[in-house]
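Structure, as structure tokens:
The values are calculated or read from the model by the stated rules, or taken from the named source; none is laboratory data. Not measured: the values here are computed from a predicted model. Every residue, glycine as well, gets a Cβ built from its backbone with ideal geometry; the counts of neighbours run over all protein chains shown. Please note that ligands, DNA and RNA were not included when accessible areas were found on the heavy atoms of the full protein model with its side chains. Shrake-Rupley method; radii C 1.70, N 1.55, O 1.52, S 1.80 Å.
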Amino acid sequence: MHIEAYAHKAVGHVYPYIQITFPEFAGERLERCEAYSAIQNYLSTSASARAKRLTAESVKDSQSLVLSMDENEEVVDEFEGVKLWWSSNLIVSQKPTFSVYPSPEDRMYTPVFVGITSSLASVSLHFGYRQHVNFHNSKTGSRLFWAVAADNRQRKLFTNNPSSNWGHYKASKWSHVVFEHPATFDTLAMEPSKKRQIMNDLLKFQQAKEYYARIGKAWKRGYLLYGPPGTGKSTMIAAMANFLNYDVYDLELTTVKDNTELRKLLIETSAKSIIVIEDIDCSLDLTGQRKTKKQEKDEDEEKADPVKRMVKGGDESKDSKVTLSGLLNFIDGLWSACGGERIIVFTTNYVEKLDPALIRRGRMDKHIEMSYCCYESFKVLVRNYLDVESHPLFATVRRLLEETKMTPADVAENLMPKSDDEDEEACLEGLIEALEKAKEDARKKSEEEEEEKAAAAEAPAASAMTEKEEQQKLSE
């Protein structure tokens, strides 16, 4: 080690170049460096013309490929008359490991400035070049290269990997596929005024970096989507992602072992992303309020009785030790400020089951009710599915939608043609028939509930009369 250190010093006296290293990860590999990502995007524009070994990635609905430098490849760049050699390096960690898998790899970009000495002028040049990398158009000086990269890149849908796989060779905490959901706000079945309100809110958030910094809040926003199944909560998330051009991280809480793993997953999400926890009332035991003494007693009995534990499903539900406190810190604590421009979305069918601390304003800033299909939503769906703007049967559909409840998913299923022989009139008649049946079923259910209530009210009176008759018989 000492010989290697002295050798580096000796070479430094005669080495005429300045070399800077930009590692992919910082902070014990917890967070991906923004500088590394910016350089990767910048070099992708020139690598195809100058590098000999490239890595190709296809983009949906595009005839071209996104090309980037392959590992251990070099390209030459020039800035203000100074040449730079950019190299992409891959270094396998030399730290001892007891895993059966190979050691983790560290990737880095290294620019070498040719013919520049370590003077104040070189520092100025380095700063100017950094601005050149970060800003795509130096004339406007306002459009970050990140924005250009976001326009050209393919959006991704991520899911978290089990932590047992995190140490495997070339493994990561998130896996992804190309995000291909076609939903937009134009195709979303919702009242137009409500859609405009949500779209304006999203745009306001996206452009509010300086505002969030000024008021001292992390650049994030929480959305709670609640309503019955089939009302379009997942479709709303897809429309939001397509509208903002954000990646989506679908977080499965049941595979996260504890709060520490939850924080690590948060750190490895990128900016310009939507973090989603769907059906949060079913994910973990986060729905109820604080435990009562009876609940604690039942848990103690369950631990002592193996039969009760088997009936309840064993210990599977106890595998995850993510707590309500840990989730709150994930959303709104100190760790939530790692990175920026993130949206966190919770969905639930039963908002009343969630702990108030989880959904208060400041954590879930905007609550959006996804309700049953109204006439305005129907007009969007009939335009999507049948390409029809008006029809004599619309009046009947409107009346029935006001008299009964049907989800947008059920309305859409009835509007979808089932064969080539079905035209728009047949589909609308099928929807009307389904609405009338739903109305009749709701009426019968209401009558049955009223009868049950009446029977329950009469039962105590009948019981009291029976007891009185028995006492009279005994007295006689």
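A few notes on this one:
- Gyration tensor (alpha-carbon) shape descriptor, segment 327-472, a/c threshold 1.5: oblate
- In segment 375-448, the inverse of the mean reciprocal separation of distinct Cα atoms equals 12.6 Å; this is its Kirkwood hydrodynamic radius.
- A straight chain from Glu352 to Arg214 at 0.36 nm per residue would run longer than the Cα-Cα distance by 46.2 nm.
- A viscosity of 1.002 mPa s and a temperature of 20 °C, combined with the Kirkwood radius over C-alpha pairs in the Stokes-Einstein formula, give segment 416-456 a diffusion coefficient of 174 µm²/s.
- Å³ per residue enclosed by the Cα convex hull of segment 159-286: 141
- Taking Cβ atoms as reference points and 11 Å as the exclusive limit, the residues near Lys405 contribute a net charge of -3, counting Lys and Arg as +1 and Asp and Glu as -1.
- Across segment 159-165, rounded Karplus estimates of 3J(HN,Hα) from the backbone phi angles (6.51 cos²θ - 1.76 cosθ + 1.60, θ = phi - 60°) give 9, 7, 7, x, 5, 5, 9 Hz, Gly and Pro being marked x.
- Under a 5 Å amide H cut-off, with hydrogens placed 1.01 Å from N, Val345 pairs with Tyr223, Ile275, Val276, Ile277 among residues at least 5 apart or on other chains.
- Listed values for segment 418-434 are Karplus-derived 3J(HN,Hα) couplings in whole Hz (6.51 cos²θ - 1.76 cosθ + 1.60, θ = phi - 60°), namely 9, 7, 5, 7, 7, 9, 5, 5, 5, 5, 5, 5, x, 5, 4, 4, 5, and x replaces Gly and Pro.
- Lysine pairs in segment 320-461 whose alpha-carbon atoms fall under 13 angstrom of each other, counting only those eight or more residues apart or on distinct chains, come to 4.
- The tail of the calculated P(r) for segment 318-394, taken as Cα-Cα distances beyond 16 Å, holds 66 percent of the pairs.
- Net charge in the neighbourhood of Pro392 (other residues with Cβ under 15 Å of its Cβ; Lys, Arg +1, Asp, Glu -1) is -2.
- Between segment 212-236 and segment 388-418, the alpha-carbon center distance in angstrom: 29
- Cα-based shape type of segment 158-233, given that a ≥ b ≥ c are square roots of the gyration tensor eigenvalues and the cut on a/c is 1.5: oblate
- Three-way shape label, segment 233-281, alpha-carbon gyration tensor, a/c 1.5: oblate
- Taking amide hydrogens as placed 1.01 Å from N in the peptide plane, the amide H of His367 sits under 5 Å from those of Leu224, each at least 5 positions away in sequence or on another chain.
- When you filter the trypsin sites (Lys or Arg not before Pro) in segment 332-412 for DSSP loop state and at most 15 other Cβ atoms inside 10 Å of their Cβ, you are left with Arg360, Arg361, Lys405.
- For segment 381-433, the list of GluC sites (Glu not before Pro) that fall in a loop by DSSP and count at most 10 other C-beta atoms within 10 angstrom reads Glu389.
- Within the full protein context, the accessible area of Tyr372 is estimated at about 90 Å² for a probe radius of 1.4 Å.
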